[in-house]
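Reviewing the structure listed below.
The values are calculated or read from the model by the stated rules, or taken from the named source; none is laboratory data. Every value quoted in this text rests on a predicted model; they were computed, and no experiment measured them. Positions of Cβ are generated from backbone atoms using ideal geometry, with glycine treated the same way; all protein chains shown enter the neighbour counts. When the accessible area is computed, the model is the full protein with side chains, heavy atoms only, and any ligands, DNA or RNA have been set aside. Shrake-Rupley method; radii C 1.70, N 1.55, O 1.52, S 1.80 Å.
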Amino acid sequence: GGGGGGGLWAPSSPGGPVPDNPGMPGPPSTTLRGVDDVARSLLRAWWDQVWHAGELDAVDDLLTDPFVRHTSAGSETISRAAYKAKLATSQRLLYRPTTTIDDEVVAGDRIWARSTSEGLNLDTERVTTITWLTVHRVEGDRFAEAWIAALTGVRWDR
């Protein structure tokens, strides 16, 4: 997804229980069966279909309605239709990128990922690189919520 840069979250007690706090994503202490494959498939479809191919209608199959997103600009609950309009604008700044998922971990109902995108900024006609740190929460067979930090001009894949 889109969004601006932001800070990173780290648990205060590594390996210990994480409180149930919707504002701070933390890996739950139990793993849900089947979520692993669904989460990984959704993440790949997000980058391949929505971003690389520019298929905004794929959002209907990938996200719940409404969808909750947390970025450096704040938190919002947004309809799929409104999010598609927002993505269309964002895709001018990162047009048809190639995205590499550099790291990913599925914990409970969440997939944590570090990804690198490289695509064309249509406004400047220059190549843009963004490193993403994302956490997506899976509900059923869709993403229901995301925490997104986008670091423009940063490459952590090398």
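The table below gives the values:
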{"item": "Looking only at the range 84-96, and only at residues there that are surrounded by 15 or more Cβ atoms within 10 Å (Cβ to Cβ) and out of contact with any Gly (no Cβ under 8 Å at 6 or more places or on another chain), the one that is nearest to THR64 (Cα to Cα)", "result": "LYS84"}
{"item": "Condition check for ARG69: in contact (Cβ under 8 Å) with a residue 60 or more places away in the chain, open to solvent by less than 20 Å² (accessible area, probe 1.4 Å), in contact with a Gly (Cβ under 9 Å, 6 or more places away or on another chain) and under 24 Å from ASP37 (Cα atoms)", "result": "yes"}
{"item": "Some residue of the range 113-123 being open to solvent by less than 20 Å² (accessible area, probe 1.4 Å) and in contact with a Gly (Cβ under 6 Å, 6 or more places away or on another chain)", "result": "no"}
{"item": "Those residues of the range 64-91 which are of a type in the set (Val, Ile, Thr) and either within 14 Å of the chain's Cα centre (by Cα) or assigned to a strand (DSSP E or B) (or both), in sequence order", "result": "THR64, VAL68, THR71, THR77, ILE78"}
{"item": "Those residues of the range 35-59 which are over 20 Å from ASP109 (Cα atoms), assigned to a helix (DSSP H, G or I) and open to solvent by 20 Å² or more (accessible area, probe 1.4 Å), in sequence order", "result": "ASP48, GLN49, HIS52, LEU56, ASP57"}
{"item": "Condition check for THR99: surrounded by 14 or more Cβ atoms within 10 Å (Cβ to Cβ) and under 16 Å from LEU151 (Cα atoms)", "result": "yes"}
{"item": "Subset of the range 107-117 [within 13 Å of the chain's Cα centre (by Cα) and not aromatic (Phe, Trp, Tyr)]", "result": "ARG110, ILE111, ALA113, ARG114, SER115, THR116, SER117"}
{"item": "Tally of residues being over 11 Å from the mean Cα position of the chain (by Cα), crowded, with 21+ Cβ neighbours inside 10 Å and closer than 16 Å to ALA45 by Cα across the range 124-151", "result": "1"}
{"item": "Filter pass, THR89 being hydroxyl-bearing (Ser, Thr, Tyr) and in contact (Cβ under 8 Å) with a residue 12 or more places away in the chain", "result": "no"}
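Matching residues to (1) touching a helix residue (DSSP H, G or I) at 6+ places or on another chain (Cβ under 9 Å); (2) in contact (Cβ under 8 Å) with a residue 40 or more places away in the chain; (3) part of a strand (DSSP E or B):
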| site | (1), (2), (3) |
| --- | --- |
| ALA113 | yes, yes, yes |
| SER117 | yes, yes, yes |
| ASP123 | yes, no, no |
| THR128 | yes, no, yes |
| THR134 | yes, yes, yes |
| PHE143 | yes, yes, yes |
| TRP147 | no, yes, yes |
